[in-house]
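Peer 1: I am attaching a structure below and will ask some questions about it afterwards.
Read-outs: derived from the displayed coordinates by stated rules, not from any lab. This structure is a prediction, so every number in the text was calculated from the model and none was measured. Glycine gets a Cβ as well: all are built from the backbone with ideal geometry, and neighbour counts include every protein chain shown.
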Amino acid sequence: MLTKDLLRVSRAGGGYHLQFADREHRPLAARVIGTYQGHVGESRAELEAAVTELERGADDFKLVRGLSALLERDATFETDAEIDPERARRAAFEAAEAVGVVTEDERAMALVRAGESLGVSADDVAGALYADLEERQVLIELASRWEPDELVAQYNLSLAQTALFDATELRVRSSDPKALVSAIKRLRLMYEIRRLENDEVGEAPDRGIAEREVIVTGPTHLFRATRRYGTRFARLLRTVAKAEEWRLEATIDDRGTERTLRLSHEDPVRVPDAEPVAEVSFDSGVEADFAARFSTLDLEWDLVREPAPLATGTRVMIPDFAFDYRPGGSARRDSSDESDGGHSEFRVYFEIMGFWTPEYVEKKLAQLSDLEDVELIVAVDESLGVGEEIAARDFRAIPYSGSVRLKDVAGVLREYERQLVAESAAALPDELCPDEDVLSLEALAGRRGVSEDALVDVAFPDHVRVGRTLVRPAVLESLADEIEAGMALADAEKILEAAGFSDSSAILSELGYRVEWEGLAGGTLVER
């Protein structure tokens with residue numbers, strides 16, 4: 001972003017048209033880069049004088065200053081002095097007080113005395129006195145990331161970001177809506193998604209760009225606009241401009257006058273190949289905190305970030321998370337963005353309502369009213385006072401303050417789990433006859449898409465339950481012939497492993513043995 005005083009915009013006809021740089025400004029960008037490169041080793045004052053000279057010869061001095069401001073971020077200035085300026089000043093002032101400086105000769109004598117006390121020359125003292133002033137600092141390095149074309153591109157992107165800092169609302173259509181919504185959530189912006197009517201679609205060559213519109217609320221819609229929020233709002237443009245096709249319409253608060261800014265992929269706004277100075281990372285807010293803590297729980301639920309959109313009338317809602325039920329760990333996958341592979345047969349959505357503007361809360365409540373046949377848990381900031389309204393819409397409301405309590409969420413999920421176990425158990429036959437000689441209950445539950453608890457009342461006429469394993473009686477008889485008292489535990493475990501047992505303790509107990517341990521070296525089987 002640039003500072004607001006460098007914003008170049010035309011308000012002709014009541015509009016709001018950004019004055020972008022183009023190919024004809026490439027030579028100017030090259031001269032600005034060359035000016036910085038040519039002043040490495042010289043003072044900031046000399047550099048600024050050269051840039052001012054460029055401004056005089058340019059059509060718009062703001063353009064030169066804007067290009068210069070971008071290069072300034074890659075420039076390193078340091079104090080160039082033989083001794084610390086503060087020490088030099090202290091020694092010089094003490095010497096001047098002793099000499100009583102009035103004339104130039106007395107000043108020279110004071111500098112000589114100061115140099116003697118510091119072990120340097122009088123010239124070194126004189127050069128260091130004010131070397132730390134900003135205008136006297138020296139440009140020691142220009143780690144420039146930009147060629148002229150890239151500098152022009154970065155200028156245009158920064159110009160648009162600066163304009164968006166004062167936006168009250170942003171409406172975006174993108175050919176990559178998933179990346180757009182992901183960035184909005186990462187930047188902690190308030191948003192909603194609207195499905196467009198046929199007459200609103202227009203003539204966009206790609207209908208995917210036009211069927212849905214993402215509406216982002218800007219910083220001036222808050223009770224108090226904050227620079228932190230405004231900067232994130234402007235940074236969203238980086239993601240918008242990376243899409244192959246996009247259209248953006250922003251309402252700008254132009255010093256009290258409401259104006260409309262329109263941008264699209266046809267404008268010279270693109271993201272240069274060079275990486276930005278500071279990447280925007282996932283904010284350590286309530287959602288990120290909850291996701292990190294939830295991953296430590298041992299539950300039969302996968303946490304999915306940014307699940308598939310839910311239709312709510314003419315709007316679209318993307319809850320913060322979804323919980324997919326994975327009994328026995330079946331088809332378990334990482335807690336991450338949803339892939340194209342779908343999700344489990346049972347999903348519970350999770351929305352964390354932590355925004356504080358009444359308008360945004362009202363929109364969220366309206367969206368909930370239009371949801372049908374959806375299981376939803378809503379964590380509600382206690383300060384909003386809308387928990388009862390959410391519960392009245394048949395959704396589970398969990399109050400929180402500061403952070404969402406894992407215990408509360410896990411408790412609701414376990415209620416769903418008990419219900420699912422009961423339903424899956426009711427759907428199972430009274431008895432099952434697996435083909436395998438040895439089969440773990442976990443594997444069988446995963447195959448049937450149920451939890452192990454659902455198998456409690458099922459009969460297995462061809463097998464015996466040994467701990468959490470089903471085994472045919474003939475296998476038990478064979479093992480009884482192979483395993484005997486006095487055998488080393490390690491040898492017995494090899495036999496059991498070959499037969500398909502992963503847990504030796506339960507089957508050894510079934511065969512009538514216990515282990516007599518011999519320190520850490522192992523153990524021996526003895527009859528119980």
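Peer 1: Could you tell me whether the stretch 108-180 comes out rounded, prolate or oblate from its Cα gyration tensor? Rule is a ≥ b ≥ c as square roots of the eigenvalues, rounded for a/c under 1.5, then prolate if a/b exceeds b/c, otherwise oblate.
Peer 2: Because a/c hits 1.5 or more and a/b exceeds b/c, the stretch 108-180 counts as prolate.
Peer 1: Report the relative contact order of the stretch 42-113, percent, no decimals, based on alpha-carbon pairs under 8 angstrom and at least 6 residues apart.
Peer 2: 18
Peer 1: How are the Cα pair distances of the stretch 414-528 distributed, in percent, across 5 Å bins from 0?
Peer 2: Percent of pairs per bin, in order: 2, 11, 20, 18, 14, 12, 10, 7, 5, 1.
Peer 1: So I have [x] 0.95; [y] 1.18; [z] 0.98, and one of them is Rg/Rh (Cα atoms, Kirkwood Rh) calculated from this model. Which one is it?
Peer 2: [y]
Peer 1: Compare the Cα positions of 464, 490, 449 along the charge dipole of the stretch 438-527 (+1 at Cβ of Lys, Arg; -1 at Cβ of Asp, Glu; about the Cα centre) and return the one farthest towards the positive end.
Peer 2: Going by the charge dipole, the pick is 449.
Peer 1: Also: One-quarter of the Cα convex hull surface for the stretch 36-159, in nm²?
Peer 2: If I average the Cα hull's projected area over directions, I get 9.7 nm².
Peer 1: Does anyone have the angle between helix 473-482 and the longest principal axis of the chain? Alpha-carbon axes, 0 to 90°, nearest 10?
Peer 2: Long axis of 473-482 versus the principal axis of the chain: about 90 degrees.
Peer 1: Could you compute the net charge surrounding residue 151? Neighbours are other residues with a C-beta less than 10 Å from the C-beta of residue 151; K and R count +1, D and E count -1.
Peer 2: -1
Peer 1: For the chain, what is the number of Lys pairs with C-alpha distance below 27 angstrom, counting only pairs 8 or more positions apart or on separate chains?
Peer 2: The result is 12.
Peer 1: Determine the calculated [θ] at 222 nm for the chain from helices alone, applying -39500 (n - 2.57) to every DSSP H run no shorter than 4 residues and normalising by the residue count; nearest 500 deg cm²/dmol.
Peer 2: Helices in the chain give a 222 nm mean residue ellipticity of -12000 deg cm²/dmol.
Peer 1: Just the C-alpha atoms of the stretch 370-445: what Rg/Rh do they give, with Rh taken as the Kirkwood radius?
Peer 2: Looking at the stretch 370-445, the ratio lands at 1.20.
Peer 1: In Å³ and rounded to a whole number, note down the convex hull volume per residue for the Cα atoms of the stretch 81-130.
Peer 2: That works out to 59 Å³ per residue.
Peer 1: Could you work out the local net charge near residue 373, counting Lys and Arg as +1, Asp and Glu as -1, over the other residues with Cβ closer than 15 Å to its Cβ?
Peer 2: Net charge around residue 373: -3.
Peer 1: Okay, next question. How big is the dipole moment of the chain about its Cα centre under a simple scheme where the beta carbon of each Lys and Arg is +1, that of each Asp and Glu is -1, and everything else is neutral? Debye, nearest 20, please.
Peer 2: Computed charge dipole of the chain: roughly 1780 debye.
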